[in-house]
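Only one structure is covered here, and it is reproduced in the block below.
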C-alpha cells in the first residue's frame with residue numbers, strides 16, 4: 001500500500017466545484033510541507049471594464065461574474081448603489097428581495113448538498129452514479145432545486161442572470177396571486193428540506209474541528225440576507241462602510257495568490273457555518289428545531305458538517321419564502337427612480353457561499369469611477385488552505401488515492417466558486 | 001447489433017473564460033437531466049463529476065471565451081478530440097462581457113484589478129471560439145436557453161437539424177401579445193436587432209431588451225441607432241447599449257464603433 005507520507009497529492013482539475021481550480025499538497029515524511037489551492041481560471045477584469053458604465057447597469061453586468069449565484073451579485077451591487085445615491089426602498093421591495101434570495105439559496109444549496117457534496121460522503125464520482133443506486137434521493141434533490149429556480153424564474157424571468165432586479169426596486173413586481181402559485185411547491189420543499197436535514201445528519205463525518213474565526217452578517221430581527229452588521233465570534237462588529245479598514249487582500253508567497261484576510265488576525269471563514277453559528281437565535285423555529293433534533297447546535301466547527309448546516313438553511317429559506325408570500329402586499333411603485341449623482345456606496349449581502357462585498361464610486365453623471373468586489377470564495381481561500389494543512393496531517397498514513405479524495409472533499413466543504421474568485425485572484429497554472 | 005452500435009455517445013463539457021452559467025443550464029434542466037444522462041455517457045464534466053474520461057468525444061460542449069495563450073492551445077486540442085463541437089453561450093460565441101477589454105489597454109486593466117500585475121498572463125483580446133477553430137454549431141445567449149440546449153443535444157443525437165430560430169426578439173413579443181415598449185412608452189430596446197431565444201423576457205418585465213442573444217440574422221443596426229437617437233439617447237449611450245454581453249459580435253461591434261466615431 002502506498003501511503004501519502006513523503007508523497008505529493010495533486011489534483012490538476014478539481015471536480016464538482018464551480019470554475020477551474022487545482023490542489024497541491026506536498027508531504028515531507030508525515031509532515032505537510034506545502035499546500036496550494038490553485039486557481040487557473042482566466043481573469044475577466046470586471047472591476048476595470050465597469051468603469052464608465054452607468055450605475056443602473058451594475059446589477060446586470062456583475063451578475064455575469066457567476067452563473068451559480070447571480071442574485072447575490074445583483075443584490076450587493078444594488079444595495080451599494082442605493083447607498084451611493086441615497087435611495088430608500090419600499091418595505092415591500094425589501095421583502096421581495098428576501099424572497100428572490102431564498103430562491104437562489106434553495107437552488108444553490110440543493111445543488112451543492114445533493115449533486116456536488118453528497119457523492120463524496122457516499123463514495124460516488126458524481127450524482128449520475130449516485131442516481132443509479134439512490135434514484136429517489138436524486139429525484140427529490142432535482143425537484144427541490146427546481147422549486148428554488150421557480151422562485152427565481154417567477155421573480156426574474158429566468159434562473160441564470162434574471163432580469164428584473166434594479167437599483168431602487170424591480171423592473172416589475174409580481175402580483176399576490178402569482179406568488180401564491182408557489183405555496184404548494186414550497187410546502188413540499190419545506191418537508192423535503194426537513195428530510196434533508198435528517199438524511200445529511202446520518203452521513204459519516206471525519207473528526208476535524210479547526211479553531212475558526214467565523215464572519216457573517218447579523219441583523220437584529222432576521223437570519224441575514226441583505227442587511228446587518230458584519231460580526232465575528234472574535235469581536236468584529238462593523239458596518240459595510242468599514243469593511244476595507246478591517247480586511248485586506250494579501251499576496252501569499254507560497255501560492256502567488258491574492259487572499260482576503262482580517263488585518264488583525266489572518267484567515268477567517270464565511271458561509272453557512274459562520275451564519276449558523278452567529279445567527280442561530282434568528283433561525284425560524286422549524287429550522288432551529290430541525291437542527292437541535294439531529295444534535296446540531298452552535299458552535300459547529302467541523303467543516304464537513306457544512307452539508308447539514310446547508311440543509312438547515314434550506315429549511316430556513318423555504319420557511320422564509322412562505323412567510324414573505326403570506327405577508328406580501330405589492331408596493332405602490334415597482335421602483336424608486338434614482339437621479340444621477342456623485343457618491344460612494346458599500347454593501348455586503350449573504351451569497352449562498354458567504355458574504356459578498358461591493359464598493360462603487362460614482363461621478364455626477366452616475367457613471368462608475370471605481371469598483372471593488374470581494375466574493376466569498378476569495379475570502380475563504382486562505383481558510384481552505386489552512387484547513388488542508390491541518391487535515392492533510394491526519395491523512396499522512398492513508399493510501400494516496402483515498403487521501404486525495406478526502407482532500408478534494410475538504411475543499412468542497414466550502415462549495416468554492418472559482419469563477420467568482422477569479423476576477424481578482426492570481427492565475428496559477430499547476431500543470432506539468 | 002454490434003456492441004459499437006449500442007455504445008452511448010460520449011459527451012465532454014469544457015470551460016474557458018466564463019461564469020459557469022451555461023454549463024449549469026444542463027444541471028438546471030431538472031426535468032430532463034436524468035433522461036439526458038441515460039441517453040449519453042457524460043465522459044468529461046468537471047463541474048459535475050470527478051470521473052474524467054479521456055477523449056475522443058462524440059460531442060464537445062464548449063463554454064467561455066479565449067483570453068490566455070494556454071487556452072488558445074487548449075481549444076486546438078479539444079477540437080481535435082471532438083467529432084461534433086457545440087459552442088454554448090455569449091462568451092463562447094462572441095467573446096462575452098470580458099471582450100470589453102478589446103477596446104481598452106489591457107495592461108492598464110490588469111494594473112487596475114491586480115496588486116501584482118506582472119503575474120497575470122492574459123491576451124489583449126477576448127475572442128470567440130470560432131476565431132480559433134471550426135465549430136459545428138453555435139448556441140447563443142447570456143445565458144443560453146436550457147430548452148434550446150436540450151433541443152440541440154436531441155437533434156445532434158438524432159442527426160437532424162436543430163429547430164433554433166434566427167429571427168428577432170420582436171417576433172417573440174408579438175407572439176406573447178406584448179405591447180411594444182419602444183413604440184408605446186419610448187423605452188430604448190435592442191429587441192429589433194437581437195436574436196430570439198429568451199422568450200422576450202425584458203419587454204415582458206417592462207424594460208428594454210439588452211441583447212443577451214446577440215445579433216439576429218442581418219440586423220438593421222443603423223436604423224435602430226437612428227431610432228435610439230429619436231428617443232433621446234446620446235451617442236455614448238447607444239455605444240454602451242451595443243457594448244454588452246455580445247459586444248464583440250460583428251454587427252454589434254460595427255454599430256458601437258460607428259456611434260463612437262460620431
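Only the coordinates and a few stated rules stand behind these numbers; no lab work does. Everything numeric in this text was worked out from a predicted model, so none of it was measured. Don't worry about glycine lacking a Cβ; one is built from the backbone with ideal geometry, like all the others, and counts go over all protein chains shown.
Under 37 °C and 0.692 mPa s, how fast does chain A diffuse according to Stokes-Einstein, given a Kirkwood radius computed over C-alpha pairs? Answer in µm²/s, whole number. Once the numbers are plugged in, D ends up at 150 µm²/s. What is the ratio of the Cα radius of gyration of segment B:3-158 to 2.2 N^0.38 Å, with N the residue count, to two decimals? Ratio of Cα Rg to 2.2 N^0.38 Å: 1.10.
Here the convex hull built on the C-alpha positions of segment A:1-40 has a volume of 68 cubic angstrom per residue.
Here segment A:293-323 is scanned for amide nitrogen atoms under 17 Å from the site 7 Å beyond the Cα of residue A:122 along Cα-to-Cβ, giving A:307-308, A:311. Summary value for segment A:8-422: 26 percent relative contact order, contacts being C-alpha pairs under 8 angstrom separated by 6+ residues.
Compute the long axis of helix A:183-201 from its Cα atoms, compare it with the longest principal axis of the Cα atoms of chain A, and write down the angle in degrees, 0 to 90, nearest 10. Helix A:183-201 and the main axis of chain A meet at about 20 degrees. Rounded to the nearest 5, the antiparallel percentage of DSSP beta bridges internal to chain B is 20%. Across the alpha-carbon set of chain B, the Rg to Rh ratio works out to 1.01, Rh being the Kirkwood radius. Rounded to the nearest 0.05, the FRET efficiency derived from the C-beta distance between residue A:402 and residue A:234 at R0 = 45 Å is 0.85. Once you have the Kirkwood Rh of segment B:169-261 from its Cα pairs, apply Stokes-Einstein at 37 °C and 0.692 mPa s and quote D in µm²/s. In µm²/s, the coefficient is 253. The angle between the Cα long axis of helix A:70-85 and the longest principal axis of the Cα atoms of chain A comes to about 50 degrees, rounded to the nearest 10. Compute the angle between helix B:146-158 and the longest alpha-carbon principal axis of chain B, please, reported from 0 to 90 degrees and rounded to the nearest 10. Orientation of helix B:146-158: about 40 degrees from the principal axis. Per the helix-only calculation at 222 nm, which mean residue ellipticity applies to chain A, given -39500 (n - 2.57) for every DSSP H run of n ≥ 4 and division by its residues, nearest 500 deg cm²/dmol? Computed ellipticity for chain A at 222 nm equals -13000 deg cm²/dmol. The calculated 222 nm mean residue ellipticity attributable to helices in chain B amounts to -10500 deg cm²/dmol, summing -39500 (n - 2.57) over DSSP H runs of n ≥ 4 and dividing by all residues. The calculated FRET efficiency for the pair residue A:250 and residue A:363, based on their C-beta separation and a Förster distance of 35 Å, comes to about 0.70. Counting every pair of alpha carbons in segment A:1-156, the share spaced more than 19 Å apart comes to 69 percent. The length gained by stretching the chain between residue B:222 and residue B:155 to full extension, at 0.36 nm per residue less their Cα-Cα distance, is 20.6 nm.
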